[in-house]
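Below is one structure, written out as structure tokens, with a few remarks after it.
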Amino acid sequence: MARVGATAPSEALICLRGVAKNYRRGSEDLHVLTDVNLDVDRGEFVALMGPSGSGKSTLLNLIGGLDVPSAGIIRVAGDPITSLSRSKLTTWRARHVGFVFQMYNLIPVLSAFRNVELPLLLLPLSKAERRERVATALRVVGLDDRMDHKPRELSGGQQQRVAIARAIVGDPTFLLCDEPTGDLDRHSADEILDMLHHLVGDFGKTVLMVTHDPRAAARAQVTFHLDKGELS
Amino acid sequence: MRFLPLVLANLLRKKARTALTAASFAIALFLFCILVTIRASFNQGVDAAGADRIFVTNRTSLIQPLPLAYRDQILKVPGVQAVSYANWFGGVYQDPKNFFPQFAVDKDTYREMYREFRIDDAAWQSFQSDRTAAIAGAALARRFGWKVGDRIPIQGAIFAGEWNFLLVGIYEGTKANDDLTQFWFRWDYLNENLPDGYPEGYVGWYSVRMAAGADMVEICRRIDERFANSAWETRAQSEKAMAASFVKQMGNIETLMLAVGSVVVFTLLLVTGNTMAGAVRERTSELAVLKAIGYGDRFVLGLVLAESLAIAVMGGALGAGLAKAFTLAGDPTGGMLPVFYLPDAGLLAALGLSVAVGLFAGFAPALAAMRLEVATALRRL
């Protein structure tokens, strides 16, 4: 089960030890994260809550290899990602991480199919293989009949489902969801949470979700709180 | 190729902006190609000039004549293989704006001297047998709708009076830059019908062909030496040098082209650079997401450069294509630029310029996209 505060080495899928992140704003040092220790096991659905500016998204970025910590070490499946170069980290992300953002962040000029296909273009797959995988991912999120629609032709909930399809199409090691329901109405938000639950329960995916919404956090198996850079 | 849909989709994101930027390229490259064409037209004489021909004129000026008697003396100069001669006529056909060069030429030697022009034997025989015969270039005949057998009246401007010619042949060229706008008639016809006051037995210039392996500089020196201190001193020079000096009299075309070309390129850089910078700015979040899901810095750099390049090449190709079509319609000046064609090298230069400007203009925005920090960009969303 996911836990915080452990300092001994662990076999967890995601393992953070002594992670800190500082920013410099003018002459001031901002300590966004301080000595974060976190373990997340494979197949878990973990929620991170906390007030604005508490460092939730920063923590997610560090785990997703979008940023590097000022101190500490992050291991994913036993590999220390904090020692990877920028370009290797990019390749690592493509293989291991699926991102879901609050504002969906789909490419507006591409169809749902093309949006979902984007991560696959980096893999050595044939066109037919890509098509099959995209169709499968869209079927999982219930949008296989909308694959030719552009994002503007879809509702907010549907766009987020396309974003989830894009996140899972490459079969990543884990999913990072930054406020995935933050821009959705209650009904759509529930659909998205059902889907994440489904991905964890039926497909064994590991999901880390940042949220402000207690109802969303309640759907996770474990919820951690982040306040002033400290995780509890 | 698998990323082509992404590039195309981005180009079509703001169709009007892409079209306007490509159109600015098209206009600029059209202008560039026309300048290249004008330059080529001015330099046509230099390019087409025979490497083994020497041009002999009066030392004082091109418009001063030389005695016909010089022909035999020039022929005696070692290394000289053949000599021909001609006169500038300067007449008007129907209207002064219908300008084209008219030459009174030697019926026995002119064809052999200018082998780059193709004239069939029957036409040349007719030219030799009829004193009023004339031969026109194919472009000139097309321009005025002339055909063999037509009577061509020309009003003499230098040699006053109305001169009537019988068109007996039409010559073609062997190279793209051959001048097909000339009008030839017989020098002996001019000589026998000179208006009062013009002495007989003078020519405008001599064209001299040297033997293979002969020293052109030495031949020129000997010709000039032979007529030094006479009433009609000569200036012998290679035909290319003569043509080049003629171009020089028109002004410094190279400098003009460089100036206009520089303005064109600079303007294009600003327009395209601004377009691409705008395109990158408004897509910061998309580029950040692409990077987040595994697209590398170099890919993003290449993506922006590919878009910039595509706009440049589309616009450039359109402009160059339009320019080519425009030049194929022929001289738009009514005879001032008789050989008005866009050389292949000019076309390639225009496309090369498009590629270079496209890459250069897109480089700064592409670099900014490449350096985009994903975490920072995502925080701004």
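Below are the figures for this structure:
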| item | result |
| --- | --- |
| Residue under evaluation B:Tyr202, criteria (1) within 22 Å of B:Phe89 (Cα to Cα); (2) touching a Phe, Trp or Tyr at 6+ places or on another chain (Cβ under 8 Å), criterion not met | (2) |
| Any hit, segment B:76-87, residues being of a type outside the set (A, V, I, L, M) and within 17 Å of the chain's Cα centre (by Cα) | no |
| Filter result (part of a helix (DSSP H, G or I) and exposed (fewer than 13 other Cβ atoms within 10 Å of the Cβ)) within segment A:202-232 | A:Asp202, A:Phe203, A:Pro214, A:Arg215 |
| Any hit, segment B:263-276, residues being touching a strand residue (DSSP E or B) at 6+ places or on another chain (Cβ under 8 Å) and in a helix (DSSP H, G or I) | no |
| Residue within segment A:155-173 that is farther than 20 Å from B:Leu378 by Cα, within 9 Å of another protein chain (Cβ to nearest Cβ) and either without any contact (Cβ under 8 Å) to a residue 24 or more places away in the chain or crowded, with 19+ Cβ neighbours inside 10 Å (or both) present | yes |
| Single unsatisfied condition, B:Arg298 versus (1) surrounded by fewer than 17 Cβ atoms within 10 Å (Cβ to Cβ); (2) within 21 Å of A:Glu117 (Cβ to Cβ); (3) without any contact (Cβ under 8 Å) to a residue 24 or more places away in the chain | (3) |
| Filter pass, B:Leu269 being within 14 Å of chain A (Cβ to nearest Cβ) and either under 30 Å from B:Asn43 (Cα atoms) or modelled with pLDDT of 90 or more (or both) | no |
| B:Gly145 vs. criteria modelled with pLDDT under 90 and farther than 30 Å from B:Gly79 by Cα | no |
| Residue match in segment A:120-129 (condition: at the interface with another protein chain (Cβ under 8 Å from one of its Cβ atoms) and under 16 Å from B:Gly294 (Cβ atoms)) | yes |
| Residues of segment A:27-76 satisfying the condition of being more than 17 Å from A:Val4 (Cβ to Cβ) and under 13 Å from the mean Cα position of the chain (by Cα) | A:Ser57, A:Asn61, A:Gly64, A:Gly65, A:Leu66 |
| Segment B:157-174: number of residues that are in a strand (DSSP E or B) and more than 29 Å from the chain's Cα centre (by Cα) | 6 |
| Any hit, segment B:93-105, residues being within 18 Å of B:Val339 (Cβ to Cβ), touching a helix residue (DSSP H, G or I) at 6+ places or on another chain (Cβ under 8 Å) and not assigned by TED's automatic domain parsing to the domain that holds B:Ile311 | yes |
| Counted residues, segment A:166-210 - those being more than 22 Å from A:Leu120 (Cα to Cα) and in contact with a His (Cβ under 8 Å, 6 or more places away or on another chain) | 2 |
| Looking only at segment B:278-337, and only at residues there that are within 23 Å of A:Arg95 (Cβ to Cβ) and in a loop (DSSP other than H, G, I, E, B), the one that is farthest from the other protein chains (Cβ to nearest Cβ) | B:Tyr295 |
| Helices (runs of 4 or more DSSP H) lying entirely in segment B:1-93 (those with 1 or more residues that are surrounded by 19 or more Cβ atoms within 10 Å (Cβ to Cβ) and within 14 Å of chain A (Cβ to nearest Cβ)) | B:4-11, B:15-48 |
| Condition broken by B:Arg281, with the remaining ones in (1) farther than 29 Å from B:Phe42 by Cβ; (2) not assigned by TED's automatic domain parsing to the domain that holds B:Leu301 satisfied | (2) |
| Matching residues in segment A:81-119 - criterion: being facing another protein chain (nearest Cβ under 9 Å) and of a type in the set (A, V, I, L, M) | A:Ala94, A:Val97, A:Met103, A:Leu106, A:Ile107, A:Val109, A:Leu110, A:Leu118 |
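The values are calculated or read from the model by the stated rules, or taken from the named source; none is laboratory data. Given the structure is predicted, the values throughout are model-derived calculations rather than measurements. Cβ sites come from the backbone with ideal geometry, for glycine too, and all protein chains shown count toward neighbours.
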